[in-house]
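One structure is given below, encoded as structure tokens.
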Amino acid sequence: MSEIYFTQAINQALFEEMERDPLTFVMGEDVVLGAFGATRGLIDKFGAKRVRNTPIAEAGFVGAAVGAAMAGTRPICEVEFASFFYCAFDQVCNQAAKLRYMSGGQAKMPITFRAVYGAMGGAAAQHSETVYAQFLSVAGLKLVVPSGPADMKGLLKSAIRDDDPVIVFEHGALGRTKEDVPDGDYLVPLGKAAVKREGSDVTLIAIGAMVPKAMKVAEKLAKQKISVEVIDPRTLVPLDEETILNSVAKTNRVVIADEGHLRGGAAADIAAIIAEKAFDSLDAPIKRITALDVPIPFSPPLERAAVPDDAEVEAGVRAAVGA
Amino acid sequence: MDVGKDKLLEMYRSMQRIREFESKVRDLSLAGEIPGFVHVSIGEEASSTGVCAALRKTDRITSNHRGHGHLIAKGGTLKQMMAEIFGKKTGYCKGKGGSMHIVDYSLGILGANGIVGAGLPIAAGSALAAVIAGKDDVTACFFGDGASNEGTFHESLNLAAVWKLPVIFVCENNGFGEFTPMQTVTSVRDIAQRAKAYNIPGVIVDGNNVMEVYQATSEAVARARAGEGPTLLECKTYRWEGHVVGEQAFIGEEGYRQKAEIEEWKRKCPIIRYEQFLLSDAKISKAEITRIVDETRAELEDAVKFARESALPDVSEVTTDVFVR
């Protein structure tokens, strides 16, 4: 166990998995230099054959990752900022997601995509969007949203070993967060939510970078005798419905905190599942705390206004419990 | 180039199988016996056959919406192909793909594709996989003139060029992107010209001459296997049928091309030309050719019977094959 940064956790997972399987390789924009630190040093250990800078041509290199996966290798493909996925939507949604099904199970698609998402301070709308909801309704993709360094490492390692296409969304603001991370072969399974904090009055489901905010709010409210259960789904596909529904059955109240948009977002999706499957357990309307339905603005006060903060999460929880 | 008799006859059989299969699919589609729409490649048998004849079994291909011929040329089984087109559970894709997506991954076919231009980066990636795995397998990528205007064409040629990937980009230029004449929407006269922009060889062949396609592909394959990188091979050809079978119903008989043009290309039939070559230059007997034609027709009859008699998929299959687990 050692205390490391989120970015170091990614780096550790990549080193370990590339060492473990010679058919893994890393490709993407500036992965040789490791512009943000995640892929730094891989080139020295694994060489130019397995650490490949791509042209800035997302459709081309994401499509190449698809072909490389079907042809028996295990690509780890970095798409610097998640909004750049729009340039490779066909390759992700029509190809990676569908070819296994369309071929009647013949194709195997062991790709891991990594991408930075979220508002991280003045990056503006084309570098700050939370885009996982766009993939939620495309059948055939697994979606992973780690909330801290330990999960980051464990989930990324599982994603790389998975035989299906997985997109790992890394919030830009989590890069400098630090926590104890198990050394060596630490795996977190896909499809298993984490109960980050047990509570009895309200279930607070938080995704990605909203998890640390939710934990802060829960701690504060505990002192005011409001007991908040914080659940981190960790993966949106597959989704651990059981853990979520068990918690709702216990607390009868739900708040969902997500940095994605309100309309058509991950929070909407989870809310619908709860409404459909646990309606009788609910003592209050499900409350969603999300980004506003606007492109994420550049100027700091506007950006702060667009994405949910601790105060909004706290207000949401108070509304749900009527306090 | 010295080509053995077995190879010569194998290519003839491939072309016949494609012609017979496509003609039957067209007829079945017009008769309303198969669901959805079909794109057939009658008239283009030489390009798929000539390219695949130059490949090994472990080499891979990517295909497109007009892909039946590619699969047959790479060794596809007509029964499973026809069953897939019928939407039956005995089809290659258990009825989940259909005409535009029939594939046999065990033959190294990484998808027939409904998205124009989608196969190019996939082929580059397949070639990359060979490099990563330390194998000398190559990948041939079939696409049309229309796909050469897609961004993926340009991104893939550049990527394959800078990484010297063992891939052969095969443009089957049949003169039309859907219903639009190529020259009205394309900046170059020959697609092969575009190779210059990516510093790779661009080769033009008569796409209706199977020997020419085979020889040019063999050279490109040798280059690729030697680590010298990709080639863009343009096969000039023509599709006798429309973009999609049955299109006359909505665009008329001469909606975008003249009958005279079609007749002119029929006189350049790749199969008749190859037959003449086999009989006169290669000293193959007429009896051998007739035998292959007869065997192919019988094989096709079996395939249609198999498809008709096969069961439809059980509806429980609708949720399988999304994920490995």
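No lab work stands behind these numbers, since they all come straight from the coordinates. Keep in mind that this is a model prediction, so the values were computed, not measured. Here the Cβ is made from the backbone with ideal geometry for all residues, glycine too, and neighbour counts use every protein chain on show.
Which of the residues belonging to the range B:132-162 are within 11 Å of chain A (Cβ to nearest Cβ) and surrounded by 24 or more Cβ atoms within 10 Å (Cβ to Cβ)? The answer is B:Thr139, B:Cys141, B:Thr152, B:Phe153, B:Glu155, B:Ser156, B:Leu157, B:Leu159, B:Ala160.
Is there a residue in the range B:109-118 that is more than 11 Å from chain A (Cβ to nearest Cβ), surrounded by 21 or more Cβ atoms within 10 Å (Cβ to Cβ) and in contact (Cβ under 8 Å) with a residue 12 or more places away in the chain? Within the range B:109-118 (the criterion being more than 11 Å from chain A (Cβ to nearest Cβ), surrounded by 21 or more Cβ atoms within 10 Å (Cβ to Cβ) and in contact (Cβ under 8 Å) with a residue 12 or more places away in the chain), the answer is no, since none of the residues qualifies. Of the residues making up the range B:262-292, those that are charged (D, E, K, R) and touching a residue at least 12 places away in the same chain (Cβ under 8 Å) number 5. Here is a check on your reading of the model: is B:Ala287 within 25 Å of B:Glu172 (Cβ to Cβ) and exposed (fewer than 10 other Cβ atoms within 10 Å of the Cβ)? So B:Ala287 fails the test.
The test for being within 17 Å of the chain's Cα centre (by Cα) and either without any contact (Cβ under 8 Å) to a residue 12 or more places away in the chain or not in a helix (DSSP H, G or I) (or both) holds for A:Leu236.
Based on this model, can you work out whether B:Thr90 counts as among the hydroxyl-bearing types (Ser, Thr, Tyr), more than 7 Å from every other protein chain (Cβ to nearest Cβ) and surrounded by fewer than 24 Cβ atoms within 10 Å (Cβ to Cβ)?
Numbers: among the hydroxyl-bearing types (Ser, Thr, Tyr): yes; more than 7 Å from every other protein chain (Cβ to nearest Cβ): yes; surrounded by fewer than 24 Cβ atoms within 10 Å (Cβ to Cβ): yes.
Yes, satisfied.
Could you please give the count of residues in the range B:20-43 that are under 19 Å from B:Cys235 (Cα atoms) and in contact with a helix residue (DSSP H, G or I) (Cβ under 6 Å, 6 or more places away or on another chain)? Quick ask: steps written out before the conclusion?
Pass one, the range B:20-43, residues under 19 Å from B:Cys235 (Cα atoms): B:39-43.
From the residues that got through so far, the ones that are in contact with a helix residue (DSSP H, G or I) (Cβ under 6 Å, 6 or more places away or on another chain) too are B:40-42.
Selection size over the range B:20-43: 3.
Restricting attention to the range A:186-242, the residues being more than 16 Å from A:Ala315 (Cα to Cα), in contact with a helix residue (DSSP H, G or I) (Cβ under 7 Å, 6 or more places away or on another chain) and among the basic types (Lys, Arg) number 3. Restricting the range B:17-37 to residues that are surrounded by 17 or more Cβ atoms within 10 Å (Cβ to Cβ) and over 14 Å from the mean Cα position of the chain (by Cα), the residue that is farthest from B:Val293 (Cα to Cα) is B:Ile34. Scoring A:Cys93 on the criteria (1) within 14 Å of chain B (Cβ to nearest Cβ); (2) buried (at least 24 other Cβ atoms within 10 Å of the Cβ) leaves a single failure, condition (2). Scanning the range A:181-207 for residues that are surrounded by fewer than 17 Cβ atoms within 10 Å (Cβ to Cβ) and assigned to a strand (DSSP E or B) yields a single hit, A:Val195.
Taking helices (runs of 4 or more DSSP H) that fall entirely within the range B:169-271, which contain at least 3 residues that are of a type outside the set (Asp, Glu) and under 22 Å from the mean Cα position of the chain (by Cα)? Reasoning before the result, please.
On the way: elements: B:210-225, B:248-251, B:259-266.
Correct list: B:210-225, B:259-266.
In the range A:137-180, of all residues being crowded, with 24+ Cβ neighbours inside 10 Å and among the β-branched types (Val, Ile, Thr), the one that is nearest to A:Lys98 (Cα to Cα) corresponds to A:Val166.
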